[in-house]
Amino acid sequence: MSFVKQQLVRVLLCVALVCGLAMPAAAQQTKIGVVSLQVIVERAPQTKAVMDALREEFAPREREILAKQKEIEDLQAKVQKNLAVMGETERRNAEKNLRDLQRDFQRLRSEYQEDSNLRRNEEFGVLQRSVLKEVQDYAEQQGYDLIVGDGVLYVSSAINITEEVLRTVEANYQATAP
């Protein structure tokens, strides 16, 4: 045989071998599901627990901010009421005190917002990783080959398993909740 014929035979044998190995894989049914992580995170009982914990954690600071706001409003009302009878120095001192209080209030409020957002992001990061792990566990248990998440433009109800996964997440949460 010539060199070209030998190469052609080798190529044809390789193609036949690849096709022979690929056929059983193609004959198997692929199980695909679609999950909306956003829906699960929004509706999971863990989300409510996290939100309640964050509210409780930041409640004292929120009360402090509200008290500072009330103090500013009271001082403004007092200054406004006594403006006509105040001397120049007294008026300037009152306005300075009011500005200082407003500056403290703004600082408190911005620190509160930053800390609150940071903690919320931390907790929701943990929650999202937990939900993702639950989706992966569910997929393995149910024999899924592929689970697709966000970025899907259309999904039929036949492969949308969001509700099933959500029920599993809720059941797992209730099983571990005190």
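So what J values fall out for region 71-82 if you push phi through Karplus, 6.51 cos²θ - 1.76 cosθ + 1.60 with θ = phi - 60°, rounded to Hz, Gly and Pro as x?
3J(HN,Hα) across region 71-82, in whole Hz: 4, 5, 4, 5, 5, 4, 5, 5, 5, 4, 5, 9.
In the neighborhood of residue 39, defined by Cβ-to-Cβ distances under 15 Å, what is the net charge if each Lys or Arg adds +1 and each Asp or Glu adds -1? Display every interim value, and only then the final one.
Numbers: positive: 43, 48, 167; negative: 42, 134, 150, 163, 164, 170.
With Lys, Arg at +1 and Asp, Glu at -1, the neighbours total -3.
Could you rank the peptides 102-112, 34-44 by their average count of other C-beta atoms within 10 Å per residue, with the highest value first?
Details: 102-112: 13.1, 34-44: 17.9.
The peptides rank, most packed first, as 34-44, 102-112.
Just add up the charged neighbours of residue 56: K/R +1, D/E -1, any other residue whose Cβ is under 13 Å from the Cβ of residue 56. Don't skip to the end; give the middle numbers.
Working: positive: 48, 55, 61, 63, 119; negative: 52, 57, 62, 123.
Computed value for this residue: +1.
Less than 28 Å apart at the alpha-carbon level, and either on another chain or at least 8 residues along: which lysines does that give for residue 133?
Those lysines meeting the cut-off are 31, 48.
Starting from the 7 Å offset along Cα-to-Cβ, what nm value, one decimal, do you get for the label separation of residue 140 and residue 30?
Simple spin-label model gives 2.2 nm for this pair.
Say each of residue 66 and residue 107 gets a label point 7 Å from the Cα, pointing the same way as Cα to Cβ; how far apart are those two points in nm?
The modelled label-to-label distance comes out at 2.4 nm.
Work through the residues other than residue 139 whose Cβ is under 13 Å from its Cβ and net out their charges, Lys, Arg +1 and Asp, Glu -1. List each step's numbers first, then the result.
Details: positive: 31, 133; negative: 134, 137, 140, 145, 164.
Surrounding charge for residue 139 is -3.
Starting from the Cα of residue 174, step 7 Å along the direction of its Cβ; do the same at residue 130; then give the gap between the two resulting points in nm.
With each label placed 7 Å out from Cα toward Cβ, I get 1.7 nm.
Values in this text are rule-based calculations from the coordinates and carry no lab data. The model shown is predicted, which means the values in this text are computed figures rather than measured ones. So basically every Cβ, Gly included, is an ideal-geometry build from the backbone, and we count neighbours across all protein chains shown.
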